[in-house]
Amino acid sequence: MSANPQLTRVAVLGASGKIGRIFCHYGARDFAEDLEIIPFFRGHSDDPRAVKWCPEDVDKPDCQADVVLALWGVVGADDKQLSANVSLAKAANALAQHVGASHVIHCSSVAVYAPSDGAVDEDWPTRPQNAYGQSKLEMEHAALAANDAGQLRSICLRIGNVAGADSLFAAGARDGHIVLDQFEPQIGPARSYIAPVDLTRVFAALIKSQPEDLPSVLNVAAPGATRMQDLAAEMDWAVSWRDAPDTARRLVEVSTARLSKVVRLPTDSASAEWIARDVKFGGWQR
């Protein structure tokens, strides 16, 4: 049991990944009075809070938690490896029942949606355009089956680009240079982004919410879309342009009206300046 009964105990699956490190850093910094973070690792960790556990383990961990935050997942792999996203969702739900959690928060993706020329809400048709999106949609189905069975409450977050954790920032950090599709002269893509600190705000609000008050699926991003070329400028990256192929999408944006009923993000949270400043100075990267 938590030494402080006011704290909500959060089992964090995938604590060693980029999003896991983001949450564990900001959660401990900004929400220490509200949350007791229990990071789960597959291997060794020097974190004194750590629990070592793999979903393949026969024995479940000897701990209790109020909420399970499933930040693990497979990206950029072949179809067989991507299928692990389904088994990971099932493992998170099983762990939640074992540790006595009231709800599980799963990380899905905006990649589950059919293409659109505007911002899409959670009722927009799902029609993934790649294998990763398909694996995340199948993950959602597996995760939400627990709701239908009345076993526990699962929530799937359709997350936009997480600044500092996506391929754009990986390329910029590696090369100091990015290549963007050009739709008009020096006009590139715009995407729904969210800064690491704001993503943690969302997680914390969902963790502290009553599970019955939460929707089954929820878009997670800053309100509005952010131009990638503006992010490059704020991060001091050079930009090269290439003609956008026919399959490229100029805009990928999600509506955050439903999210705004759970947590209010700063009004400028979609600005390239705000996002870049957090990635540069937030301190979560180590």
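The values are calculated or read from the model by the stated rules, or taken from the named source; none is laboratory data. As the structure is a computational prediction, the values presented were derived from the model and not from experiment. Positions of Cβ are generated from backbone atoms using ideal geometry, with glycine treated the same way; all protein chains shown enter the neighbour counts. These area figures cover heavy atoms from the full protein model, side chains too; ligands, DNA and RNA do not enter into them. Shrake-Rupley method; radii C 1.70, N 1.55, O 1.52, S 1.80 Å.
Of note:
- In this structure the chain gives 47 Å² per residue of accessible area when probed at 1.4 Å with all protein chains present.
- Dimensions (Å) - the stretch 179-225, Cα atoms, principal axes, largest first: 48, 21, 15
- Computed in the context of the full set of protein chains, the accessible area of the chain at 1.4 Å probe radius has 47% of its extent on carbon or sulfur.
- Convex hull volume of the stretch 49-104 per residue (C-alpha atoms, cubic angstrom): 91 Å³
- Convex hull volume of the Cα atoms of the stretch 1-131, normalised per residue: 144 Å³.
- Alpha carbon Rg of the stretch 92-207, scaled by the compact-globule rule 2.2 N^0.38 Å: 1.27
- Taking N as its residue count, the alpha carbon Rg of the stretch 199-286 over 2.2 N^0.38 Å: 1.32
- By average C-beta atoms within 10 angstrom, highest first, the peptides 85-95, 38-48: 85-95, 38-48
- Counting only Cβ charges, +1 for Lys and Arg and -1 for Asp and Glu, the dipole size of the chain around its Cα centre is about 320 debye.
- Which label in (1) 21.3, 83; (2) 18.6, 59; (3) 19.4, 62 gives the computed Rg and Dmax of the Cα atoms in Å: (2)
- Taking a ≥ b ≥ c as the square roots of the Cα gyration tensor eigenvalues, the stretch 18-60 comes out prolate, since a/c reaches at least 1.5 and a/b is larger than b/c.
- Set of aspartates and glutamates with alpha-carbon distance to Lys90 below 12 Å, sequence-local pairs under 8 removed: Glu56, Glu138, Glu140
- Lysines with Cα under 22 Å of Lys261, excluding same-chain neighbours fewer than 8 positions away: Lys208
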